[in-house]
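Here is the structure we will look at.
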Amino acid sequence: MNIADCCQTRSGAACCQACGVIERTGVAAPQCGAARARATRVALTGNEAVSLAMKQINPDVVAAYPITPQTDIVQYFSTFVANGEVKTEFVTVESEHSAMSATIGAAAAGARAMTATSANGLALMWEMLYIAASTRLPIVMPVVNRALSAPINIHCDHSDSMGARDAGWIHLHSENSQEAYDNLLQALVIAERKDVLLPVMVCYDGFIISHALENLYIIDDATVREFIGEYRPDVSLLDPAHPITVGPLDLYDFYFEHKRQQAEAMNTCGAAILDVARKFGELTGRAYGFIEAYRMSDAQLGIIVLGSTAGTARVVVDRLRQKGLPVGLVKIRTFRPFPAAEVAAALKGLGALAVLDRSEGFSGNGGPVFAEVRAALFEAGGGPRTVNYIFGLGGRDIGLENIEKVYRDLEGLAQGKKLPMVSYLGVRE
């Protein structure tokens with residue numbers, strides 16, 4: 001039983017204990033009964049779910065340019081605009097660079113502004129990603145993860161958002177359509193908090209989530225409006241009584257201090273992420289944290305992953321548990337800021353660990369998630385023997401047998417067998 005189904009049939013801690021939420025997130029959902037009354041079960045693709053969340057947010061400005069597999073989001077949303085279902089000013093621009101530029105301008109003027117993109121579109125925004133973060137604008141952007149060219153490929157991997165991991169944006173990753181919908185609503189509240197004021201990417205896997213039809217629970221419009229509240233920026237470019245500059249020339253006299261302030265916001269925004277998640281859990285019965293640990297309390301062999309592959313891995317964990325193998329799973333939801341302490345704590349006691357990366361870091365030392373996890377373990381004083389698997393590039397399927405192979409490899413690693421530090425899972429070599 002998944003979290004959403006469980007929370008429709010049970011209440012309070014009984015629900016969370018039954019479906020494993022307490023073990024998986026460390027958070028109980030205290031108001032499942034009230035959430036049940038507000039929830040509507042629907043079947044939507046990931047892109048439909050995200051566009052619906054945007055409709056419920058009803059942003060002041062959306063500036064966007066279509067790119068597969070994100071196109072559906074702005075296509076659906078443009079229909080809401082054309083039908084008068086939102087009051088949004090929808091700006092059709094000539095490129096993704098212009099999309100982010102217009103979104104930045106709108107946000108600096110005090111508007112609640114959003115956009116969406118994928119892959120090469122995100123890459124074309126590169127300059128503007130840094131400007132959005134450095135000017136502390138609370139922009140929310142769904143990123144439908146897709147491989148970057150060349151060769152040209154329109155299917156899923158994480159090379160796009162991983163390339164932007166150090167641009168100063170918060171990154172929330174989603175396992176399915178439900179999480180994409182929930183993360184988008186939470187992202188807006190996180191971004192607009194006065195103690196954060198950072199842009200947020202809500203990432204989910206192209207086609208695997210964006211175009212797949214799933215059951216999920218949505219909140220009614222009035223409850224969403226109450227949850228997100230009104231956006232009242234402290235400053236605006238359109239306030240002549242209180243003139244400001246945005247993005248001015250900033251040389252060695254102040255640039256360093258501004259970067260330090262930006263870093264401090266990222267270093268401390270974890271508290272806001274958890275606070276928003278707690279309030280969302282009280283509202284919906286769906287609990288979120290930085291990570292989700294599944295059957296890790298007595299695990300000896302573990303996998304850490306993010307995105308839709310966590311669902312595949314969870315099935316394998318259950319199957320191998322039935323065969324007596326002590327395996328577990330950690331799914332990362334918040335990749336930026338990286339929850340190093342929480343990851344290290346969840347992995348404590350393991351004999352062997354595999355980190356799965358859906359992007360190649362080209363460092364010669366594994367993928368970006370692997371680098372972050374190893375740094376977290378080093379800071380915590382060590383950890384299990386750890387290896388990296390690069391998988392799923394360009395949309396290559398990863399099946400149950402692939403995940404089981406990783407766990408079987410970890411059996412050998414825990415017993416002293418030597419494995420390559422970095423392996424390529426499912427590639428023809």
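The values are calculated or read from the model by the stated rules, or taken from the named source; none is laboratory data. Note that the structure is a prediction, hence the values are computed from the model and not measured. Cβ atoms come from the backbone with ideal geometry, glycine included; neighbour counts cover every protein chain shown.
Hey, any hits in the range 150-165 for a residue that's in a helix (DSSP H, G or I) and under 11 Å from the mean Cα position of the chain (by Cα)?
Yes.
Can M141 be described as in contact with a helix residue (DSSP H, G or I) (Cβ under 7 Å, 6 or more places away or on another chain) and in the same structural domain as C269 (by TED's automatic domain parsing)?
No; evaluated as a whole, the condition is false for this residue.
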Exercise. Report yes if some residue within the range 38-60 is modelled with pLDDT under 95 and farther than 18 Å from V140 by Cβ; otherwise report no.
Key: yes
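Yes/no matrix, rows are residues, columns are (1) of a type in the set (G, A, S); (2) in contact (Cβ under 8 Å) with a residue 12 or more places away in the chain; (3) within 19 Å of A313 (Cβ to Cβ):
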site	(1), (2), (3)
F338	no, yes, no
L350	no, yes, yes
A354	yes, yes, yes
S359	yes, yes, yes
G367	yes, yes, yes
A376	yes, yes, no
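Taking A354 as the residue in question, decide whether it is within 16 Å of L419 (Cα to Cα) and surrounded by 19 or more Cβ atoms within 10 Å (Cβ to Cβ). Step through it out loud before you land on a result.
Values: within 16 Å of L419 (Cα to Cα): yes; surrounded by 19 or more Cβ atoms within 10 Å (Cβ to Cβ): yes.
In short, yes.
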Quiz item: Among I398, I403, I390, which is surrounded by 15 or more Cβ atoms within 10 Å (Cβ to Cβ) and part of a loop (DSSP other than H, G, I, E, B)?
Solution: I398
Quiz item: In the set E264, E226, E257, E230, which member is under 16 Å from A111 (Cα atoms) and without any contact (Cβ under 8 Å) to a residue 24 or more places away in the chain?
Solution: E230
Exercise. Working only within the range 278-303, note down all residues that are within 19 Å of G328 (Cα to Cα), in contact (Cβ under 8 Å) with a residue 60 or more places away in the chain, more than 19 Å from the chain's Cα centre (by Cα) and not in a strand (DSSP E or B).
Key: R295, M296, S297, Q300
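Taking the stated definitions as given, is S363 within 25 Å of A147 (Cα to Cα) and not in a helix (DSSP H, G or I)? Let's see the steps before the verdict.
Working: within 25 Å of A147 (Cα to Cα): yes; not in a helix (DSSP H, G or I): yes.
Against the criterion (within 25 Å of A147 (Cα to Cα) and not in a helix (DSSP H, G or I)), S363 qualifies.
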